[in-house]
1. Can you go through Ser144, Ser123, Ser139, Ser160 and tell me which one is under 11 Å from the mean Cα position of the chain (by Cα) and either on the phi < 0 side of the Ramachandran plot or surrounded by 15 or more Cβ atoms within 10 Å (Cβ to Cβ) (or both)?
2. Being of a type in the set (Ser, Thr, Tyr) and farther than 17 Å from Tyr113 by Cα is the filter; apply it to the stretch 163-191 and report the residue that is surrounded by the most Cβ atoms within 10 Å (Cβ to Cβ).
3. Of the numbered conditions (1) in the same structural domain as Ala30 (by TED's automatic domain parsing); (2) within 24 Å of Phe50 (Cα to Cα), Gly187 fails exactly one; give the number of that condition.
4. Considering only the stretch 50-60, I want to know if a residue exists there that is closer than 30 Å to Gly187 by Cβ, of a type in the set (D, E, K, R), modelled with pLDDT under 95 and under 21 Å from the mean Cα position of the chain (by Cα).
5. Sort out which residues of the stretch 26-55 are within 15 Å of Asn80 (Cα to Cα) and of a type in the set (D, E, K, R), and write them in order of number.
6. Would you be able to tell me the number of residues in the stretch 147-157 that are surrounded by 19 or more Cβ atoms within 10 Å (Cβ to Cβ), under 18 Å from the mean Cα position of the chain (by Cα) and over 14 Å from Arg115 (Cβ atoms)?
7. Which one of the conditions (1) under 25 Å from Tyr91 (Cα atoms); (2) surrounded by fewer than 18 Cβ atoms within 10 Å (Cβ to Cβ) does Asn73 fail to meet, given that it meets all the rest?
8. What pairs come out if I take residues in the stretch 203-214 that are part of a helix (DSSP H, G or I) and pair them with residues that are of a type in the set (Gly, Ala, Ser) whose C-beta lies under 7 Å away, six or more apart or interchain?
Amino acid sequence: MGRPRKYSLNQEYFDAINGNSAYVIGLIMADGTIRNDRFSISAKAGDSEFLSTIAESLGSNRPIQYVEHIHGNVARLVVNSSKMSARLAYYGIHSPRTWTARTHADLFLNRHYWRGVIDGDGSLCNGKRGRNILRLVGSESICSDFLIFCRMNDVGMFSSVCHHKTIYTVCLNGPQALAIAEILYGGADLYLPRKMRIVQQWRDARCLAQAVNQ
């Protein structure tokens, strides 16, 4: 028998795909690190409550770590589990993460998975003229997979994956950005609060514009 666990943990969390497990897999795919016996998720120190919510979903009571970083303090959730790392490897998340990462077939059309990817490696903002912008940065494969997901939902028909130096991006603008954001964040259980707030701002602006035009 192994040593008793110091912290609680639901090690079967990734055994079945549901909205929450798909989301966390997407988040780790985008912004996590993994070893054979552990994985971790890092975020800005201001997002520590978000990481606490992820920990709660995983059934973990391990405290969030805080690390000093040259670009600002970082909050980190660490999970020790060979079983869970092996399950993540099944879904294509290996160490070190590479630019050849690709979405597993079981998650390709899963909006919760893509919300996790966007929360990890995406951005939601407004352009200079107030135009909604949703952008993903990642490997060519992940960006291409996301664009296929968008097009399967009738969004992004005129968007493309762009290559700049060592990165790839896919960007949706205006009504297209809000349309895919509604698909990703509508009725969501797990999400990065500051990005959800932007989606709500977009919704409010759309409702105001519709009211003015009536």
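1. On the way: Ser144 fails: under 11 Å from the mean Cα position of the chain (by Cα); Ser139 fails: under 11 Å from the mean Cα position of the chain (by Cα); Ser160 fails: under 11 Å from the mean Cα position of the chain (by Cα).
Step by step, each of Ser144, Ser123, Ser139, Ser160 is checked, and only Ser123 is under 11 Å from the mean Cα position of the chain (by Cα) and either on the phi < 0 side of the Ramachandran plot or surrounded by 15 or more Cβ atoms within 10 Å (Cβ to Cβ) (or both).
2. Pass one, the stretch 163-191, residues of a type in the set (Ser, Thr, Tyr): 166, 168-169, 185, 191.
Pick out the ones that are also farther than 17 Å from Tyr113 by Cα and you get 166, 168-169.
Working: Thr166: 6, Tyr168: 19, Thr169: 17.
Across the stretch 163-191, the extreme among qualifying residues is Tyr168.
3. (1) is the only condition that Gly187 fails.
4. From the stretch 50-60, those closer than 30 Å to Gly187 by Cβ are 50-60; that's our starting set.
Narrowing further to those that are of a type in the set (D, E, K, R): 56.
In the following step, the residues that additionally are modelled with pLDDT under 95 were identified as none.
Looking through the stretch 50-60, none of the residues is closer than 30 Å to Gly187 by Cβ, of a type in the set (D, E, K, R), modelled with pLDDT under 95 and under 21 Å from the mean Cα position of the chain (by Cα).
5. Hits for the stretch 26-55 are Arg35, Asp37, Arg38.
6. Step one: list which residues in the stretch 147-157 are surrounded by 19 or more Cβ atoms within 10 Å (Cβ to Cβ), which gives 147, 149-150, 155-156.
Add one more test, that the residue is under 18 Å from the mean Cα position of the chain (by Cα), and what stays is 147, 149-150.
In the following step, the residues that additionally are over 14 Å from Arg115 (Cβ atoms) were identified as 147.
Here the count works out to 1.
7. The single condition Asn73 does not satisfy is (1).
8. The qualifying pairs do not exist here.
The values are calculated or read from the model by the stated rules, or taken from the named source; none is laboratory data. Nothing here was measured: the structure is a model prediction, and the numbers come from that model. FYI the Cβ positions are ideal-geometry reconstructions off the backbone, even for glycines, and counts take in every protein chain you see.
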